[in-house]
Amino acid sequence: MGMLDQLLHGFGIALTPQNLLFVLIGVLAGTVIGILPGLGPMSAIALMIPIAYGMEPTSAIIMLAGVYYGAIFGGSTSSILLNAPGVAGTVATSFDGYPMALRGRAGKALAIAAISSFVGGTIGVVGLMAIAPGLASFAVSFGPTEYFALMVLGLTAVVSLGGNNLVKGLISAVVGVMVALVGIDSQTAIVRYTFDLPELYEGVEFLIVALGVFALAEVLVMLNRRGQGGARRGVTSLRLSGRELGRIAPPTLRSSVLGFFTGVLPGAGATVASFLSYSMEKKIARDGDTFGQGNPKGVAAPEAANNAAAVGSFVPLMTLGVPGSGTTAILLGALLVLGVTPGPTMLADNPDMFWGVVASMYVGSVVLLVLNLPLIPVFAKVLNTPRAVLVPLVVVFCVVGVYGLSFSVFDLGLLAAFGAVGFLMRRNGFPAAPLILGLILGGLMETNMRRALQISGGDWGVFASEPISAGLLAVALLSLLPALVRAVRGLRRGRVGPSSPEAATDAGAGSDAGSGDGPGTGSEDQAPTPRGRDDGK
């Protein structure tokens, strides 16, 4: 049976009334979960495993997969409207989505997110069914050295995230890596950077930091600007013109491909894919300097990438039995509970399940698009909420999400602390995006670096001797060169006298660079400013 025949057979399975109902249940639950921070797809799938137990395995996995990509799809809503990412994979969406919302373009931002998510998911499904076995063989060739180099490449995206101010971007990234190292070392059981506080032994949750430096910091900005105007603008139409669709089409397609390949690599996932795609688009776009100020491409790229990566993570899960992300690790447990062992023989032993799940993902993407586009005007009305009502709601939103993690009052204190840190970062021109990226990648970098050094007997040359890791590190180094050149030129021009026209020009650029909060900051006084700097994306 050829691939097309197998796919048609899969649609026959996915389009049965029973499985269509499970697709609908999964994507609806995932969308709601994605909007609300605190209960991410991992927790949701874990909670639904008891429900799936006893179900027909194909139907159960179709429903659980719908929860996964539905949560990634829905996470963009809170990121765009409230600057409060509900899912880690949608953090990058807020960098341009929230400034668009502040300018009254929330409808367009949500429409772009929905369309890009659909395209990314569709391309991911095509990749999953077409080249899954070959990609899985390549992915398994990645060892600790290659993963460390991949994480370094992701972290060097801090250069583009930090704009022209390389130093402030690097400081933010280092702080993020430091936060990632808090807690008990998994390899030596040594307690690190906890200040003898037992509450920090398990580290700092990503959600606490993300909601603190983005959502709670935005509340503090609102309060600080009380009485200074800056009211939110009315919500415009969600209709996209042909020109607007043409502008977002190339970044959507590029980011879908990048996201899928990133998702195939075990351990990378939707979050890394979204940051990499945003960084790539900012570097190659002619209007890259407007990223972080409400550029539609900055919404389309990460949304396409994170949905494609979510689908791509099923490649190693289905064909190798290796989870490609934390969420697919939970799905692996669900498969085992249901009596299905994924691996190289799954296509031969369980073709109905494999092709049924593949077809259901495409069906689920269509269902998500049909359900969410009509609801965009309803979602966008959040921006018309008076500030006196919106501020308390956002605070409650953050508190409930964080407290629901572990029911710890200490976590609420951390939330307040990171909110203050985020507010001070904005006031002093430090971008928040590199901090989040450092937090996400810091632990992965440390783990893979130490594994590589253990295997090589402490030989640091192993990172340059392996072809893949050497190539990735070389690309990472090359990505630093433009920022270093800008920094050297800035120092050279700084030696020119203050009365010089050249110095005056440079001073004006420096003032411009220091004034902006950048993507994801959501500062109302800067997002609408034409010359406002991007937040550090």
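Quick note: the coordinates plus some simple rules give every number you see, no bench work behind them. None of these values were measured; they are calculated from a predicted model. Heads up, the Cβs are rebuilt from the backbone with ideal geometry, glycines too, and the neighbour counts pull from every protein chain shown.
Using the Karplus curve 6.51 cos²θ - 1.76 cosθ + 1.60 with θ = phi - 60°, what ³J(HN,Hα) values do you get for each residue of the stretch 443-448, in whole Hz, with x for Gly and Pro?
Ordered by residue, 3J(HN,Hα) equals x, 5, 4, 4, 4, 6 Hz.
Per-residue HN-Hα couplings for the stretch 209-216, Karplus 6.51 cos²θ - 1.76 cosθ + 1.60 at θ = phi - 60°, whole Hz, x for Gly and Pro?
Each residue of the stretch 209-216 in turn: 5, 4, 5, x, 7, 9, 5, 5 Hz.
First select every other residue whose beta carbon is under 13 angstrom from the beta carbon of V485; then total the charges, Lys and Arg +1, Asp and Glu -1. Each step should come with its number before you reach the end.
Numbers: positive: R486, R489, R492, R493; negative: none.
Summing Lys and Arg as +1 and Asp and Glu as -1 gives +4.
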